[in-house]
Amino acid sequence: MSAAAEGGDGFTAAASEGFPGRIAVLRAHGGDGRGRRHRSAEHEHGRAAARAALGLLGGPGLERVPIGADADGCPVWPAGVAGSISHSAPWAAAAAAWTRSGVRGVGVDVEVVRPRHAALWERVVMPDDAQAAPPGAPAEYVATVCFALREAVYKCVFPVLRVPMDWPDARLATNWDVGSAGVVLGERLGCDGALAAEFRAHDGAVVALCWWTAGASRK
């Protein structure tokens, strides 16, 4: 992910290769992180990131189109757009792409790296992930990256397939040096086409992006 604009309150970016859409990451200030009011604020913050991503994508008034949710809780994007929203206080992220570009699905996840995330290791870090991780990298960082990447994969494919996914269903070939990952899904999901993912560490958080391009056969 290469930043197009960056500052203490977040950044907007395009993926470094392949992804034809746009991503917006915003930082909120204040709040105690608890309670119904906080959850409502996080929801609105996520929608603000979605409007920012749509504005970057272009199209007359696109950023003013309301984004609701369907029966499964998936965001309902404007016609012709595939997108995804994530929030983890104080961050919110959204990514969007035109489906006419060949993108069938988009998934984004933002996670704050916390020491307690090391406990995720046994669930989300597969043996191949552990072997590829940088030597000496903190367990909470590796676990957060693997968690965010697999969440982004799930959010990319579930709105299209409507099939639940388990953590091992997404095999990652992660290049930690450049922040990219090849993705192969388990056969039971029946997902044709090609999946790719990227991640970036930014100010104590990890942002992961996955996109699904139709037409190519899985290997």
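The values are calculated or read from the model by the stated rules, or taken from the named source; none is laboratory data. Note that this is a predicted model, so its numbers are computed, not measured. No Cβ is skipped: glycine too gets one built from the backbone with ideal geometry, and neighbour counts run over all protein chains shown. What goes into the accessible areas is simple: the full protein's heavy atoms, side chains included, and nothing from ligands, DNA or RNA. Shrake-Rupley method; radii C 1.70, N 1.55, O 1.52, S 1.80 Å.
General remarks:
- The range 60-81 residues that are in contact (Cβ under 8 Å) with a residue 60 or more places away in the chain, paired with ones that are open to solvent by less than 50 Å² (accessible area, probe 1.4 Å) and among the aromatic types (Phe, Trp, Tyr) (beta carbon under 8 Å, 6 or more apart): 72/158; 74/158
Residue by residue, here is whether (1) of a type outside the set (A, V, I, L, M, F, W, C); (2) more than 24 Å from residue 70 (Cα to Cα); (3) buried (at least 17 other Cβ atoms within 10 Å of the Cβ) holds:
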| residue | (1), (2), (3) |
| --- | --- |
| 137 | no, yes, no |
| 157 | no, no, yes |
| 160 | no, no, no |
| 166 | yes, no, no |
| 170 | no, yes, yes |
| 175 | yes, yes, no |
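- Of all residues in the range 124-156, those being in contact with a Cys (Cβ under 9 Å, 6 or more places away or on another chain) and either assigned to a loop (DSSP other than H, G, I, E, B) or modelled with pLDDT under 95 (or both) number 3.
- Hits in the range 61-119 (condition: over 19 Å from the mean Cα position of the chain (by Cα), aliphatic (A, V, I, L, M) and either assigned to a loop (DSSP other than H, G, I, E, B) or surrounded by fewer than 18 Cβ atoms within 10 Å (Cβ to Cβ) (or both)): 65, 71, 79, 118, 119
- Single residue of the range 1-51 satisfying the filter (under 28 Å from residue 98 (Cβ atoms) and acidic (Asp, Glu)) that is modelled with the highest pLDDT: 44
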